[in-house]
1. For segment 53-117, what is the Kirkwood hydrodynamic radius in Å, using each pair of distinct C-alpha atoms?
2. Based on the Cα gyration tensor of the chain, what are the three equivalent ellipsoid semi-axes, each the root of five times an eigenvalue, rounded to whole Å and given largest first?
3. Given a cut-off of under 8 Å on Cα pairs at least six residues apart, what relative contact order in percent is computed for segment 118-204?
4. Can you list the residues, at least 5 places off or on another chain, whose amide H is less than 5 Å from the amide H of T127, using H built in the peptide plane?
5. Which net charge results when you count Lys and Arg as +1 and Asp and Glu as -1 among the other residues whose beta-carbon is under 12 Å from that of A134?
6. Once phi is turned into ³J(HN,Hα) by the Karplus curve 6.51 cos²θ - 1.76 cosθ + 1.60 with θ = phi - 60°, what whole-Hz value does each residue of segment 197-208 show in order, with x for glycine and proline?
7. Run the helix sum for the chain: -39,500 (n - 2.57) per DSSP H stretch of 4+ residues, divided by residue count, reported at 222 nm to the nearest 500 deg cm²/dmol.
8. Please say if segment 98-213 is rounded, prolate or oblate, where rounded means a/c under 1.5 for a ≥ b ≥ c the square roots of the C-alpha gyration tensor eigenvalues, and otherwise the choice is prolate for a/b larger than b/c and oblate otherwise?
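Quick note: the coordinates plus some simple rules give every number you see, no bench work behind them. Please read these numbers as outputs of a predicted model, since none were measured by experiment. In this analysis, Cβ positions are derived from the backbone assuming ideal geometry, glycine residues included, and neighbour counts consider all displayed protein chains.
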Amino acid sequence: MSECKIKSIRKIIGTIEVVTGLRIGGSADTMEISGLDNPIIRNPATGEPFIPGSSLRGKMRSLAEWYHHEVPKDGNVLNADPASKTARVFGVSADSHRANGPTRLIVRDAVLTPASREAYESGIPITEVKSENAINRLTAMPNPRPMERVIPGVTFQWELIYREFQLPTSTDDPALFEEVVLTSLALLEMDALGGGGSRGNGKIKLHLQENGTDLNLPQLQFS
């Protein structure tokens, strides 16, 4: 790995716009009478909702693996083929064979944009409690489940870093940016982020730029 060096760094910035209620679950550290036991994740210092980089990166990787037919045979991401496109972009575990170099993609936490933060600080609601019911098919007995979500229209600012390396064994980092990173972002817009995607949650819209120029996501082909 002494022959490995960073060739270039690409920085993608932009916003994530919530289109349908977004739920990324947190933990209820303290239980109160009539308190909500299914809260969203929040910054413990400010109480502001945010989207963890791990949630974004994990969903991007999962979608890219399915698209490129690179899901590990046992489903365990820790057993990914180190030579696969997705593993080379998103990385492999420290004890895996690393001839293809370090992780290329860094995904930051997404925090409220100034406009959404101003709304939050002024007391305008940016979250809601949505009640869902699981209905017993025989008795019709409901089992209500109140869950917190970020409401549509809230925006988060986001940053991704893509590192291109010069390696004796790999020269296609620029192509992998197009094939894996941009593809996974396009898939993310088409799919859902967070919990309850099959029930309407988690549709988002990405507004991204690189060097002040709008970044257009690819039109994907499915076969």
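1. Kirkwood hydrodynamic radius for segment 53-117: 12.9 Å.
2. Details: eigenvalues 244, 92, 55 Å².
Equivalent ellipsoid of the chain: 35, 21, 17 Å, largest first.
3. Numbers: 67 pairs, mean separation 13.1, N = 87.
Dividing the mean separation by the residue count of segment 118-204 yields 15 percent.
4. Counting only residues 5 or more places away or on other chains, the set is I151.
5. On the way: positive: R137, R145, R199; negative: E132.
Net charge in that neighbourhood comes out at +2.
6. Going residue by residue, I get x, 6, 10, x, 6, x, 6, 10, 10, 9, 10, 10 Hz, with x marking Gly and Pro.
7. Values: 5 runs with 41 residues, N = 223.
Dividing the helical sum by the residues of the chain leaves -5000 deg cm²/dmol.
8. Values: a/c = 3.34, a/b = 1.71, b/c = 1.95.
It is oblate, given that a/c is not under 1.5 and a/b is not larger than b/c.
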